[in-house]
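Report on the structure given below.
Every number in this text was worked out from the coordinates using simple rules, so none of it is lab data. What you see is a predicted model, and the numbers here were worked out from it, not measured in a lab. Heads up, the Cβs are rebuilt from the backbone with ideal geometry, glycines too, and the neighbour counts pull from every protein chain shown.
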């Protein structure tokens, strides 16, 4: 269904333009940026938690969208900041370190017992007036919107880093550095290589710190962020934040 609609757009749609008359205008899909469930639907693939679910790595069958003129399967599937980074990786990170679970609270990386002091530190953080949404108290983090996670990650990171043990600070700093570089106005080849190295190390260390059971699809997707940047540019070029509810 999606392929047929895209094919019709490529064939062209007739519009009446005042002073010009009827014109056949063609539309071409060069990339897609969605959350994981929509990505599975769009590409006719299995769910993100199944085997062969990464469109960047390996697929067992062809995708109908590859019949489109400029849509390249794998390369055209983008991993954006809203779904992959903030509602994906950073939300997962926060859900673990602030987890109420007895098992999680016993881990060295847990900050559950420091929530009150962290909230106190965050309350004094001044954020730019251009910020879409300020983060709420950590006690409500389960209901945070993507903009709140973004605000917490970039403007509250100092407070979070101070509360963590040194070796966990370095791990979190890898993600912060990579995201900031990937969000620059202009990105060169050196930046792309640096983002790749930082995020590959972050994913590698994630498994050591949190274990294999927490190596989710979004964590894996970090390995492909540099490919999206190389294909279409900085993260803001294909941000889905304007569509956040």
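With neighbours defined as other Cβ atoms within 10 Å of a residue's Cβ, the residues 140, 226 order from fewest to most as 140, 226. Each Cα pair under 8 Å and six or more residues apart adds its sequence gap; the mean of these over the residue count of the chain is a relative contact order of 19 percent. Given R0 = 22 Å, the distance between the Cβ atoms of residue 70 and residue 4 translates into a calculated FRET efficiency of 0.80. Shape of segment 108-193 from the C-alpha gyration tensor: oblate (a/c of 1.5 or more and a/b not above b/c, with a ≥ b ≥ c the square roots of its eigenvalues). Spacing of the modelled spin labels on residue 20 and residue 200, each 7 Å from Cα toward Cβ, amounts to 4.6 nm.
Altogether, the Stokes-Einstein calculation at 10 °C and 1.306 mPa s, with the Kirkwood radius of segment 131-241 over Cα pairs as Rh, returns a diffusion coefficient of 105 µm²/s. For segment 69-100, the residues whose amide N sits under 15 Å from a probe point set 7 Å from the Cα of residue 142 along the beta carbon direction are 92, 94-100. The spacing between segment 110-163 and segment 74-88, judged by their C-alpha centroids, is 22 Å.
Applying Stokes-Einstein at 10 °C and 1.306 mPa s to the Kirkwood radius of the chain, computed over alpha-carbon pairs, gives a translational diffusion coefficient of 80 µm² s⁻¹. Placing a pseudo-label 7 Å from each Cα along the Cα-to-Cβ vector at residue 133 and residue 108 gives an inter-label distance of 3.6 nm.
Per-peptide packing, taken as the mean over residues of other Cβ atoms within 10 Å, places 29-42, 99-112 in the sequence 29-42, 99-112 from highest down.
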